Amino acid sequence: MKQIQYQRVHHSGGGPVLYIPGRTVHHASGSYRGDGKSDAKDAFIIADQARMRRDLQPLHHGDAIAVDLRILTSRRLDLAADRTRAINRMRAQLLGYFPALERAFDYSTSKASLVLLTGYQTPAALRRAGRNRLAVWLKNRKVRNYRLVAATAVEVAEAQHTAVPGEKLAAAVVARLAREVMALDEEIAETDALVEGRFRDHPHAEVILSMPGIGSVLGAEFIAHTGGDMRVFGTADRLAGVAGLAPVPKDSGRISGNMRRPRRYCRRLMRVFYMSAQVAARCCPVSKAFYERKRAEKKTHKQAVIALARRRLNVLWALLRDGRLFEGSPPLRAANLG
């Protein structure tokens, strides 16, 4: 990310910090003399672009809560990605020497299966333990459905009596990865508690949480990537453009009126509205009716969800503007902002 603090000549001091995307600087450099590249030339190009262009947006860091939430939500995203990678690696190892056990459980949602793998990873070990002993072992570790988990594990172990080369080392790797996933789950839970506590301190939290489909995590993402101040965007259309929910024209010559999805937008802000729209389409009568109407218009599921996400953005904008809560009544005609 390239930034420059640009001060107009008639200012006595201090100026706005403008955001210039790296791609913009890269393409602009082709119109300047010389093929060489240096820090001095890059600084000149950035300063010249900031001087000439009027479409660069000032950089707003947001309030203190928004800054904290940006740090916390970024950390949570990293933890979730690490968890997914660890589960994929663990399943790949299991698939190599014990495929039946890999298929037996959903390791992304079942904590009981992860506890099982910390102690038993091979068919022979599970057969030696037996159902009753394994059930007691799981019960001592506070696994809820310990009888079912034990029965399932021993059943798949009895179906495989072949020892695969490298099984012992692979089992040790699986056990370590299972413990890693459990540790990540604990850290994610701790981070979620921090996110929720900090998010609820924000003055917009109550309004945002009143929208069906938006919980503390998605609400924190919204605050983190908007800065918590809607005045920065000016209109709901501008916010929709930043979130990638506003189509952009693709005209050329005699062809006009074509629209396409933007290529440059805030992916995480788009995720907030897309994920919340998917949830609301199932649990909120107003959103469900809107979604079904779009499906009746021959829209695909993705197109209908995006249309619903845009509609919900308009409603949330109106609620934040007016400082009122979502009431689940018919669509707000007073919130027609685009």
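The values are calculated or read from the model by the stated rules, or taken from the named source; none is laboratory data. Predicted model only: the values in this text are computed from it and were never measured. All Cβ positions, even for glycine, are placed from backbone atoms using ideal geometry, and neighbour counts span all protein chains on display. Note: areas computed on protein heavy atoms with side chains; ligands, DNA, RNA excluded. Shrake-Rupley method; radii C 1.70, N 1.55, O 1.52, S 1.80 Å.
What the table below lists for this structure:
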{"read-out": "Options ARG23, ARG54, ARG70, ARG8: the member that is at pLDDT 80 or above and either of a type outside the set (A, V, I, L, M, F, W, C) or assigned to a helix (DSSP H, G or I) (or both)", "value": "ARG70"}
{"read-out": "Residue among ALA172, ALA189 that is farther than 16 Å from TYR120 by Cα, open to solvent by 30 Å² or more (accessible area, probe 1.4 Å) and hydrophobic (A, V, I, L, M, F, W, C)", "value": "ALA189"}
{"read-out": "Pairs, first in contact (Cβ under 8 Å) with a residue 24 or more places away in the chain in segment 129-144, second assigned to a helix (DSSP H, G or I) and open to solvent by 100 Å² or more (accessible area, probe 1.4 Å), C-beta under 9 Å, six or more apart", "value": "LEU138/ARG147; VAL143/LYS111; ARG144/LYS111"}
{"read-out": "ALA153 being open to solvent by less than 10 Å² (accessible area, probe 1.4 Å), farther than 30 Å from ARG75 by Cβ and in contact (Cβ under 8 Å) with a residue 40 or more places away in the chain", "value": "yes"}
{"read-out": "Considering residues of segment 221-274 that are open to solvent by 80 Å² or more (accessible area, probe 1.4 Å) and within 21 Å of LYS294 (Cα to Cα) only, the residue modelled with the lowest pLDDT", "value": "MET259"}
{"read-out": "Candidate set from segment 102-145 (those that are within 30 Å of the chain's Cα centre (by Cα) and within 18 Å of VAL164 (Cα to Cα)); member that is most open to solvent (accessible area, probe 1.4 Å)", "value": "ARG103"}
{"read-out": "Where a residue in segment 200-214 is under 16 Å from ALA66 (Cβ atoms) and without any contact (Cβ under 8 Å) to a residue 24 or more places away in the chain and its partner, wherever it lies, is hydrophobic (A, V, I, L, M, F, W, C) and not in a loop (DSSP other than H, G, I, E, B), with Cβ under 6 Å and at least six apart", "value": "ALA205/PHE199"}
{"read-out": "Enumeration of residues in segment 80-98 that are free of Cβ contacts under 8 Å to residues at least 40 places away in the same chain and not β-branched (Val, Ile, Thr)", "value": "ALA81, ARG85, ASN88, ARG91, ALA92, LEU95"}
{"read-out": "Selection within segment 275-303 - surrounded by 21 or more Cβ atoms within 10 Å (Cβ to Cβ) and in a helix (DSSP H, G or I)", "value": "SER276, ALA277, ALA280, ALA281, SER287, TYR291"}
{"read-out": "Test: residue in segment 113-130 that is of a type in the set (Ser, Thr, Tyr) and in a loop (DSSP other than H, G, I, E, B)", "value": "yes"}
{"read-out": "Residue selected from segment 304-333 under the condition open to solvent by 80 Å² or more (accessible area, probe 1.4 Å) and part of a helix (DSSP H, G or I), by the criterion modelled with the highest pLDDT", "value": "ARG321"}
